[in-house]
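Beneath this line is the structure, given in structure tokens, with notes to follow.
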Amino acid sequence: MSPPQLRTAISANYAELSETLRIAADYIAENQVEIATRSLRAVASASGVSPASYTRLARALGYPDYEALREQARAEVSRRGNESFQDKARRLQSDADQPLLPRQVAACIDNIRALVDDIDPRQLEAAVECLEKSRKIILIGALASAGFTDYFAYLAKWFDDRWVVAGRNGATLGSTLAGVSSADSVIIISKHPYAHRSVRAAEVAATSGAKVIVLTDSHAFPGLQFADFQFIQRTESPHFFSSYAATLVLIETITGMLVARAGSEAEARIQEVDRHNRLLDEFENV
């Protein structure tokens, strides 16, 4: 099994790190090119954290030493490069004569395959069990993530009527979160650049006692501090935007696990929804 992505390792251990090691971890997460290419002394000087702290951090993240952590950074930088959205857009324009489909497919396949290493199956089972027992499940997503909360709800509502997408159909985010308690779960999907409303929603939900489940692309998402369960998916893409391919697979996996747990009740609900859809001419009869 390959080592986890650096940001995934940081996220998994972040809560246990000291304040100094968190500063070092933040610097690593946001400056992987420097970690890969500069000496430990230079990195320590630039970040204001001692070399010894980086050595302790490497061990806290599961690496035998800092050099092993640095090799991981090199491997990740080599795989994905260090391009901004603007850089990627320019490269797309300059490579307009090169077929994009094979590159996009390859990147998505790599992101999806990485889920097996990046997602802790025990944490995934625990999150699904939490959803199974919840009174109500609220989905929150903004910017590009909004459409994926709609898809999540579409799948879930086939077999379960407890799911609500916040801030839709005339309801405000605040009105949807009103009355949320420890009996409920809130799922937040957020990818860089992170929407402020998603961070604030995570805080409000946690303060209300609800279980918070976060699907994001980095430990740097500020809302992670309020999460009971966190799942980080890789989003690399030759396009100028982040890919949601791995997120879709995770969404479909979670709903599939819930259907399997629901048993005959889910089957009956699916049959009823299908019957009503046909009565209401939702489907084309072919």
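Bear in mind that the values in this text are calculations on the coordinates, not laboratory data. Predicted model only: the values in this text are computed from it and were never measured. Note: ideal-geometry Cβ built from the backbone for every residue, glycine included; neighbour counts use all protein chains shown.
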- Message: Among 26-34, 115-123, 183-191, how do they line up by average Cβ neighbours within 10 Å per residue, starting with the highest?
- Response: 183-191, 26-34, 115-123
- Tell me, what HN-Hα J-couplings in whole Hz come from the Karplus equation 6.51 cos²θ - 1.76 cosθ + 1.60 at θ = phi - 60° for each residue of the stretch 218-231, using x for Gly and Pro? 6, 5, 6, 4, x, x, 5, 5, 9, 7, 8, 9, 9, 10
- Estimate the FRET efficiency between Ala262 and Arg135 by the formula 1/(1 + (r/R0)^6), using the beta-carbon distance for r and 25 Å for R0, to the nearest 0.05. 0.95
- Query: Which ³J(HN,Hα) values, rounded to whole Hz and listed in residue order, are derived for the stretch 246-256 from phi using the Karplus coefficients 6.51, -1.76 and 1.60 in 6.51 cos²θ - 1.76 cosθ + 1.60 with θ = phi - 60°, glycine and proline given as x?
  - Reply: 5, 5, 4, 5, 5, 4, 5, 5, 4, 5, x
